[in-house]
Amino acid sequence: MNGPVAYLVTTLGCLIGVAGVVVAVVAVRKGRKAARPAAPADPFRDTDSDALRGDPRRLKPGDIVEIRRVSYAVRGSVHLNEGGWSWAEHLLDTVEGDKRWLSVEEDPDLELVLWTAEPAATITPGASTLDFAGRRYALEESGQARFTATGSTGLDPSGTLRYHDYRAQGGERLSFEAYGQAGWEVARGEQLHRTDVMVYPQAGPEAS
């Protein structure tokens, strides 16, 4: 092999080698970019209950939820956010027309509370303690959140919510909520055990 030919072969070999390195580097970079870390998951989340009893976090209008052997249809859902903290409230209805609200929150454990409206209540929030229906409640938290509503809730599609939450010894809740410029709505709440709730998702698009 003469000098020019040998030089040409050597040059081509070097170019092919460099091209191979470039391809390998690009492939590695693409692989790293595609392998993004998954969102952090709660290591203590009860996935077995979610699989067997349905996931209350995914409730949406049209679903059926059974609470202590009483079946309710989800008429509408309200999703709330306050400073990055989010929770949901779902309007439930039985075939007899008994309406309740179910709140779903992770704090960090899943917390389910069944609420009953008290339309005849005349008390107002703000004090550190309140006496109502023979029980004394202590103020737990208050604030203002943004909400979006889907389904039949009787609310605007979006807006603001003011709230005061109270708790009695034993865990019973007392809640005051005011949507937009409306007056205070009062409700008493009972915390549920995870096994009290069974979710039957219905076909249809997911609520946002």
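The values are calculated or read from the model by the stated rules, or taken from the named source; none is laboratory data. These figures come from a predicted structure and were not determined experimentally. As a convention, Cβ positions derive from the backbone with ideal geometry for all residues, glycine included, and neighbour counts pool all protein chains shown. Just the protein is used for accessible areas: all its heavy atoms, side chains included, with ligands, DNA and RNA removed. Shrake-Rupley method; radii C 1.70, N 1.55, O 1.52, S 1.80 Å.
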The condition from (1) more than 22 Å from Gly154 (Cα to Cα); (2) modelled with pLDDT of 80 or more that Glu89 misses is numbered (1)
Exception for Thr129 within (1) in contact with a strand residue (DSSP E or B) (Cβ under 6 Å, 6 or more places away or on another chain); (2) of a type in the set (S, T, N, Q); (3) within 19 Å of Ser103 (Cα to Cα) falls at (3)
Of the listed residues (Leu80, Leu91), the one being crowded, with 16+ Cβ neighbours inside 10 Å, touching a Phe, Trp or Tyr at 6+ places or on another chain (Cβ under 7 Å) and over 18 Å from His164 (Cα atoms) is Leu91
> In the stretch 32-45, is there at least one residue being under 16 Å from Arg194 (Cα atoms) and either open to solvent by 20 Å² or more (accessible area, probe 1.4 Å) or at pLDDT 95 or above (or both)?
Replying inline: yes
Within the stretch 58-77, restricting to residues that are open to solvent by 20 Å² or more (accessible area, probe 1.4 Å), of a type outside the set (A, V, I, L, M, F, W, C) and under 17 Å from Asp196 (Cβ atoms), the one that is nearest to the chain's Cα centre (by Cα) is Glu66
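Condition check ((1) modelled with pLDDT of 95 or more; (2) more than 19 Å from the chain's Cα centre (by Cα)) across all residues:
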{"site": "Tyr163", "(1), (2)": "yes, no"}
{"site": "Arg167", "(1), (2)": "yes, yes"}
{"site": "Arg173", "(1), (2)": "yes, yes"}
{"site": "Phe176", "(1), (2)": "yes, yes"}
{"site": "Gln181", "(1), (2)": "no, yes"}
{"site": "Val186", "(1), (2)": "yes, yes"}
{"site": "His193", "(1), (2)": "yes, no"}
{"site": "Tyr200", "(1), (2)": "yes, no"}
{"site": "Gly204", "(1), (2)": "no, no"}
Of the residues in the stretch 107-138, those that are within 28 Å of the chain's Cα centre (by Cα) and open to solvent by less than 70 Å² (accessible area, probe 1.4 Å) number 13
Scanning the stretch 184-196 residue by residue, those assigned to a strand (DSSP E or B) and open to solvent by 80 Å² or more (accessible area, probe 1.4 Å) turn out to be Glu185, Glu190, Gln191
The strands (runs of 3 or more DSSP E) lying wholly within the stretch 121-183 that contain at least 3 residues that are touching a residue at least 24 places away in the same chain (Cβ under 8 Å) and of a type in the set (Gly, Ala, Ser) are 135-151
